[in-house]
């Protein structure tokens, strides 16, 4: 379930290249692929944060540990 929810997040946000979750789960930093001059708004970070909060709420207790301090990236082949 964990991996499929992370994959779904990347599917829903095609501009999302990756994101990092801080060790204390307080910060989420995102990396996006955009055109020059466009900066993603706070809405995109909020959307990623909300998806992660839903994942934590719906998942088993170890979900929090799976997110803590990790970086997730889109796989491009």
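None of the figures in this text is laboratory data; all of them are computed from the coordinates on show. Small disclaimer: the values here were computed from a predicted structure and weren't measured. Glycine also receives a Cβ, built like all others from the backbone with ideal geometry; neighbour counts cover every protein chain displayed.
Observations
- For region 57-73, the set of residues classified as free of Cβ contacts under 8 Å to residues at least 40 places away in the same chain and closer than 14 Å to residue 22 by Cβ consists of 64, 65, listed by residue number.
- Elements of type strands (runs of 3 or more DSSP E) contained in the chain, each with 3 or more residues being surrounded by 13 or more Cβ atoms within 10 Å (Cβ to Cβ): 16-21, 28-32
- The single condition among (1) out of contact with any helix residue (DSSP H, G or I) (no Cβ under 9 Å at 6 or more places or on another chain); (2) on the phi > 0 side of the Ramachandran plot that residue 25 does not meet is (1).
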